[in-house]
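Computed from the coordinates by the stated procedures, all read-outs in this text should not be read as laboratory data. The model shown is predicted, which means the values in this text are computed figures rather than measured ones. Quick reminder, even Gly has a Cβ in these numbers, built from the backbone with ideal geometry, and neighbours come from all protein chains shown.
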Number of protein chains: 2
Amino acid sequence: MASSIHDLARHLNISIGTVSRALNGRADVNAETRQRVLEAARKLNYSPNQSGRSLRKGATHSIAFMLQPHPGDQQYGEPFFIPFLTGLQARLAESELDLMVVMGEPGQYQPERLRRVVETRRADAVVLANTRREDDRIDYLSKAGFPFATLGRSQSGGDTYPSLDIDFERAGEEAVDRLVARGHRRIAAIRPSLDLNFGYLFLDGYRKALQRHGIEVDPGLIADGFINETGGYQVTPRVMLSKDRPTAVIFNNDAMALGGCKALGEMGIRPGHDIAVIVIVDTPLCRYFSPALTAFRPSLEPMGRRLAEMLLASLPAFAGPEGTRIIREVWPLELVARESD
Amino acid sequence: MASSIHDLARHLNISIGTVSRALNGRADVNAETRQRVLEAARKLNYSPNQSGRSLRKGATHSIAFMLQPHPGDQQYGEPFFIPFLTGLQARLAESELDLMVVMGEPGQYQPERLRRVVETRRADAVVLANTRREDDRIDYLSKAGFPFATLGRSQSGGDTYPSLDIDFERAGEEAVDRLVARGHRRIAAIRPSLDLNFGYLFLDGYRKALQRHGIEVDPGLIADGFINETGGYQVTPRVMLSKDRPTAVIFNNDAMALGGCKALGEMGIRPGHDIAVIVIVDTPLCRYFSPALTAFRPSLEPMGRRLAEMLLASLPAFAGPEGTRIIREVWPLELVARESD
DNA sequence: CGTTTTTCCGTAAACGTTTACGAGAACACA
DNA sequence: TGTGTTCTCGTAAACGTTTACGGAAAAACG
């Protein structure tokens, strides 16, 4: 069925070497010959055998995406990733690259699965998600000299790899600004307790904005919890028992926000009425919650495309002019004002 | 870095043929030799080069998962798929297979991307999701003789491929049974208008149960809408304007349920108080909605594993004894009773 | 017209496997 | 001892590419 380079050569009465050169756009082939080759390729609908090419070139022509769900994130993974993957895959496909996905076990954090990809050279590069502040996987990949890019910043590995992140710090600031502008001065912050970098970034922004407004940071209004609904549910009451109760709360995670709002409801505190609520990363959950939650929304599909591009630019085989190499980028979030604040 | 079969051969002073045979567990190799080979392989941490193997065997050792989002499902894809993919990938990995994901453009339904996978033999088989009642992709793959399996049933292609589906019919029945047992007799049904098979299956069950209870099926209580929140929002009021207003409503999709509940709220009809609501496929949205929605929950990760197994059993290279070939399976849903009914 | 350069193409090796084939050694049997 | 069988292994070809090398023909140059 599938025609090979030999079929083309036989059909045109030329050698396979010439066919290959013509197809690959090399200079040392006559213009007319190239034309004939391309035409024949189209007619016999030739497409190169990936295995043959990979074997010869020592590259697999595929990029691995590794998703290691956070511990506690059991049933439905974060909806975050489907649109991100869509963008990522679309851009990779444009460069004839396949996207391979590797799922980790939720929770455990040993990079065994990653090792398999690297040691057996199953992919040419890796895209990591759910990056931690100190991330074993990044250390491992750096040491192994294996190309990779990350969704989310980390403190590991230095500035040596492309990374794309959301501007959590700015979002934290903006959330505070917005609440202060509406008269709030007692503003709580709920974030995940894991070593997730965005939790730190968010808190930096939160603190910075408070200080800018001359509001003292009250440690009693900051709480860390498990990064799921249960975590939000458990930890939110803690900040509400502060003697001078907060009039607003910023959640650093949508799942925690839902659990938190549930807890608030049970305390007789109605989100959107008795307390203002803002969520840092928007999901459909926020939009259809009642009250609809004001939230900061990322543009996931473009982010996927962009990270693919950054990764490609860092690979010698795909790199354009040297100057175009992009190391890190931080994208703003868009505020979607709804009913909860 | 990576050691090849030649390294092993050189290290052991035997031929590469013998090494390969030993590694592949063929009979014509001395037991002691095999032992030495395996040991050396471990010591030099050898792992076979996929490209070489693929080239020789004419198989890619990877399975493609194609996800074509429904039209209108833009921002966040269905959270459904992450846990499903986790199970799928885990099972495939056990058979040394890679999982490749191919995203379609949401909406348009031309199987071009699928064609690419098939014609360039980028994968050994395909797993389809979001199956339609009449599905071009299934027809295409059947005709092309390309192995595949589907998540969800279809009427296309006959009984020739493995498929795994959720028992929407039974869920429809059970939802009605539950509502009737609670005294409801005017029960509305909202389902997607697309040619999605589960919409038909659900309605079959709904009708069957009503008839079993001696309740006449009122076409005015059945409505089709776009498969997203907007669709639910637009279409739900229609059944509420029926002269004998329903006291319960079953949504065939979580997104539509959210939009529908929003519409109900705006009409002054409070879900869980003034009207009972049941959702057929549970998502986190249902759990944290207020009121929490009673819903039927699938076990996604096991389903992923299972479908992988069924697909493998249908592939000659992996098939066990002939009898174990599984064609279709339908899994029950588990009712999660919450506050909305 | 002779020499050098350029253009274009064929040859063949290499990437890492798997496997058909055959051959030597050991063994069984008469 | 001669013959046939069984074990075990080496040899070499093949899968479909890419590419270094060299050579023939054409073009350029003196």
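Quick notes on this one:
- Computed as a quarter of the hull surface, the mean projected area of the alpha carbon convex hull for region A:270-341 stands at 5.6 nm².
- Within-11-Å neighbourhood charge of B:Arg287 [Cβ basis; K, R +1; D, E -1]: -1
- Residues in region A:267-279 carry Karplus couplings, in order, of 8, x, 9, 8, x, x, 10, 8, 8, 8, 10, 10, 10 Hz; the curve used is 6.51 cos²θ - 1.76 cosθ + 1.60 with θ = phi - 60°, and Gly or Pro positions show x.
- Net charge of Cβ neighbours under 14 Å - reference B:Thr60; Lys, Arg +1; Asp, Glu -1: +3
- In the elastic network of chain A, a GNM with C-alpha springs shorter than 10 Å, the most mobile of A:Ser314, A:Ser20, A:Ser51 is A:Ser20.
- Couplings 3J(HN,Hα) of region B:288-296, computed from phi: 9, 5, 10, x, 4, 8, 5, 8, 9 Hz, in residue order, whole Hz [Karplus 6.51 cos²θ - 1.76 cosθ + 1.60, θ = phi - 60°; x for Gly and Pro].
- DSSP beta bridge pairing in chain B, given as percent antiparallel to the nearest 5: 10 percent
- Amide H within-cut-off set for A:Val330, under 5 Å, with H built and near neighbours excluded: A:Asp165
- Computed over region A:160-220, the P(r) curve from all C-alpha pair distances, binned at 5 Å from the origin, holds 4, 18, 27, 23, 14, 8, 4, 2, 0 percent per bin.
- In a reduced charge model with +1 at each Lys and Arg Cβ and -1 at each Asp and Glu Cβ, the protein assembly as shown shows a dipole moment near 1360 debye about its Cα centre.
- Gyration tensor analysis over the Cα atoms of region B:3-94 returns equivalent ellipsoid semi-axes of 41, 13, 11 Å (largest first, whole Å).
- Its Cα gyration tensor gives region A:170-267 an equivalent ellipsoid. The semi-axes, each the square root of 5 times an eigenvalue, are 20, 16, 11 Å from largest down.
- Bridges between two residues of region A:168-297, per DSSP, are antiparallel at a rate of about 0%.
- Listed by Cβ neighbour count within 10 Å, with the fewest neighbours leading, B:Asp159, B:Asp204, A:Asp167, B:Asp282 appear as B:Asp159, B:Asp204, A:Asp167, B:Asp282.
- Amide H contacts under 5 Å for B:Thr150, placed H, 5+ residues apart: B:Leu128, B:Ser163, B:Leu164
- Of A:Thr33, A:Thr236, A:Thr131, the one that fluctuates the most in a GNM where chain A has Cα springs shorter than 10 Å: A:Thr33
- Counting DSSP beta bridges with both ends in the protein assembly as shown, the antiparallel % (nearest 5): 10 percent
- Counting from the shortest, the label point at A:Asp139, 7 Å from Cα toward Cβ, is 5.7 nm from the same position in each remaining copy.
- Convex hull volume of region A:241-291 per residue (C-alpha atoms, cubic angstrom): 72 Å³
- Shape class of region A:25-73 from the alpha-carbon gyration tensor: prolate, with a/c at 1.5 or above and a/b greater than b/c.
- Computed from Cα positions, the angle between helix B:168-181 and the longest principal axis of chain B comes to roughly 30 degrees.
- Value at 222 nm in deg cm²/dmol, rounded to 500, when DSSP H runs of n ≥ 4 in chain A each add -39,500 (n - 2.57): -12500 deg cm²/dmol
- Fluctuation leader among B:Ile326, B:Ile14, B:Ile250 - chain B, Gaussian network, Cα springs under 10 angstrom: B:Ile14
- The Rg/Rh ratio of region B:212-300, with both radii computed over alpha carbons and Rh defined as the Kirkwood radius, is 0.96.
- Acute angle (nearest 10 degrees) that the helix A:81-94 long axis makes with the longest principal axis of chain A, alpha-carbon atoms: 20 degrees
- Shown in residue order for region B:22-36 are the 3J(HN,Hα) couplings computed by the Karplus curve 6.51 cos²θ - 1.76 cosθ + 1.60 at θ = phi - 60°: 4, 5, 8, x, 6, 6, 7, 8, 4, 4, 5, 4, 4, 4, 5 Hz (x for Gly and Pro).
- Taking N as its residue count, the alpha carbon Rg of region B:36-166 over 2.2 N^0.38 Å: 1.22
- 5 angstrom amide H check on B:Ser290, placed H, neighbours 5+ away: A:Ser290
- Inter-copy label distances at B:Lys208 (7 Å, Cα→Cβ; nm, one decimal): 6.0
- Among A:Val118, A:Phe168, A:Leu141 the positive-end extreme of the charge dipole of region A:107-181 (Cβ point charges): A:Val118
- For chain B, the longest principal axis of the alpha carbon atoms and the long axis of helix B:300-314 meet at an angle near 50°.
- Projection of the Cα convex hull of chain B, averaged over all directions and equal to a quarter of that hull's surface, yields 20.8 nm².
- Rg and Dmax of the protein assembly as shown, based on Cα coordinates, read 27.8, 89 Å.
- Other residues within the sphere of radius under 12 Å centred on the Cβ of B:Thr33, judged by their own Cβ, net out at +1 (K and R +1, D and E -1).
- Where Rh is the Kirkwood radius over Cα pairs, Rg/Rh for region B:5-48: 0.90
- Among A:Ala308, A:Ala64, B:Tyr46 the positive-end extreme of the charge dipole of the protein assembly as shown (Cβ point charges): B:Tyr46
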